[in-house]
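Working notes for the structure below.
The values are calculated or read from the model by the stated rules, or taken from the named source; none is laboratory data. Quick caveat: nothing in here was measured; it's all calculated off a predicted structure. When we count neighbours, we look across all protein chains shown, and the Cβ atoms used for this are built from the backbone with ideal geometry, even at glycine. Heads up: the accessible areas ignore ligands, DNA and RNA and are worked out on the full protein's heavy atoms, side chains in. Shrake-Rupley method; radii C 1.70, N 1.55, O 1.52, S 1.80 Å.
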Amino acid sequence: METAKVDRAGMAIAAGLLAIAAVILWDATSLPAPVYGIGPRAMPILVACGLILLAIGNAVLAWRGDFPDREDFDARALLFILGGFAALMAIIGFNGGFIPATTVLFAATATAFGRRAIATDLAIGFVIAFVVYLMFSKVLSLSLPMGPIERLF
């Protein structure tokens, strides 16, 4: 019976995900307790739990040696994603608002992953950003950067 070799990079990724989750959980404890409703602690805890699940999954796959072969580095894709982040910061910095900034980031990331339907990706990004904005601003009572679109709600 052949034994699988442990994937060190996969274990390192799992450890990194777990460390990030621990920092998020630790930081969430400094947020104020909710007076009513869910409160601001809910989302960081939810994100940390998701990262813990990803860390466990990565660790299991790495331990078994079941990681798929890694793809070659794609500098163009990385530049699209970094460009999307730069655009997000610029749009927010010039008071464009959360929704348009996140829409552009979504479309840039989709393009980095090989999609070429820019108009469709902008529409999908807009809907996702709109839902996220409503969740944070109305359900969690947290403020996100406001621009002309956000002021309508």
Sort through S137, S143 and tell me the only one that's closer than 29 Å to P32 by Cβ, in a loop (DSSP other than H, G, I, E, B) and of a type in the set (S, T, Y).
-> S143
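For region 25-47, state whether one or more residues are over 22 Å from S141 (Cα atoms) and of a type in the set (F, W, Y). Write out each step before concluding.
Looking only at region 25-47, we keep the residues that are over 22 Å from S141 (Cα atoms), and these are none.
No, every residue in region 25-47 fails to be over 22 Å from S141 (Cα atoms) and of a type in the set (F, W, Y).
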Test for E71: is it among the acidic types (D, E) and closer than 30 Å to A9 by Cα | yes
In region 26-37, anything aliphatic (A, V, I, L, M) and either loosely packed, with under 13 Cβ neighbours inside 10 Å or at pLDDT 95 or above (or both) is listed as A33, V35
Quick one: M11 ticks every box in (1) of a type outside the set (S, T, Y); (2) within 17 Å of the chain's Cα centre (by Cα); (3) surrounded by 12 or more Cβ atoms within 10 Å (Cβ to Cβ) except a single one, so which number is it?
-> (2)
What tally of residues in region 53-66 results from selecting those that are touching a residue at least 12 places away in the same chain (Cβ under 8 Å) and open to solvent by 50 Å² or more (accessible area, probe 1.4 Å)?
-> 6
